[in-house]
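All remarks here apply to the structure that follows.
Any read-out appearing in this document is the output of simple, stated calculations on the displayed coordinates, not a laboratory observation. Model, not experiment: these values are computed from the prediction. Positions of Cβ are backbone-derived with ideal geometry, glycine not excepted, and every protein chain shown enters the neighbour counts.
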Amino acid sequence: MSPPRIVLASTSRYRAGLLRRVLDDFEQIAPDVDEPELPGEPPADRAGRLAAHKAEAVASRLHDALVIGSDQVAALRNAVLHKPGKVEQSREQLRASSGNIVDFYTGICVIDTRTGRRESALDHTRVMFRKLADAEINRYLARENPLDCAGSFKSEGAGIALFERIESVDPTALIGLPMIALSRLLRNAGLALP
């Protein structure tokens, strides 16, 4: 069997940057899927379902690829924190997160279109925010403008200063792609990694 194409079912520059840590050659294809919330669906289940849905959407168009789907859901007391899109929504999210715990669930799904084999994993990361004053929130938003990030921060940037601590098995999961679990799934699919 010839080596497969590696396809990231995402246009995220954050996920692509993480994948480049272990792979030099891969493609990115937008999954073009709706991401509906299902009534009563726990955030962890939503992350896993959407990761699989994204991988399936791209895998259905290919026959010689390992397709990687991923999705992250941030939740404050089970209320989903979406990508804010606007500064005021970011400010509101950070005020709500201040002094609280935000849970991040990052699902991944790898589909081998040559064999139909699929494997999934789910990472759970807990972020404990310190108490944040409005002035701190405003300075952070002016510095980093995290409007495309669930939870309104970038832990790989200045957002790290917003926390008391992070509890995680894999620090890359918080950025959007749990590389420890993904490396295991790719090795299980026969890919040689460092």
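Using a Förster radius of 25 Å, what is the FRET efficiency between Asp25 and Asp148 based on their Cβ-Cβ separation? Nearest 0.05, please.
The pair Asp25/Asp148 has a calculated efficiency of 0.45.
Which one, Ala79, Leu185, Ile175, projects farthest toward the positive side of the charge dipole computed for the chain from Cβ point charges (K/R +1, D/E -1)?
Ile175
Quickly work out the Ser120-to-Ala192 label distance, labels modelled 7 Å from Cα along the C-beta direction, and quote it in nm with one decimal.
With each label placed 7 Å out from Cα toward Cβ, I get 3.2 nm.
Please name which of Pro31, Thr113, Ser97 has its Cα lying farthest along the dipole of the range 5-188 towards the positive end, using unit charges on Cβ (Lys, Arg +1; Asp, Glu -1) and the Cα centre as origin.
Ser97
Using Cα positions and a limit of under 22 Å, work out the lysines in reach of Lys54, with same-chain residues fewer than 8 apart set aside.
Lys83
Between beta-carbons, use under 13 Å as the cut-off and find the net charge around Ala181, counting Lys and Arg +1, Asp and Glu -1.
-1
Work out how much length Glu164 to Arg61 would gain on full extension: take 0.36 nm times their residue separation and subtract the Cα-Cα distance, in nm to one decimal.
32.7 nm
How large is the dipole of the range 5-188 about the Cα centre if only Lys and Arg carry +1 and Asp and Glu carry -1, each at its Cβ, rounded to the nearest 20 debye?
Here the range 5-188 has a charge dipole of around 340 debye.
Would you list, by chain and number, the lysines whose Cα falls below 20 Å from the Cα of Lys86, excluding same-chain residues fewer than 8 positions away?
Lys154
In the calculated pair distance distribution of the chain, what percentage of Cα-Cα distances lie above 23 Å?
For the chain, the fraction of Cα-Cα distances above 23 Å is 42 percent.
Please order Thr113, Thr172 by the number of other Cβ within 10 Å, starting at the fewest.
In increasing order of surrounding Cβ atoms, one gets Thr113, Thr172.
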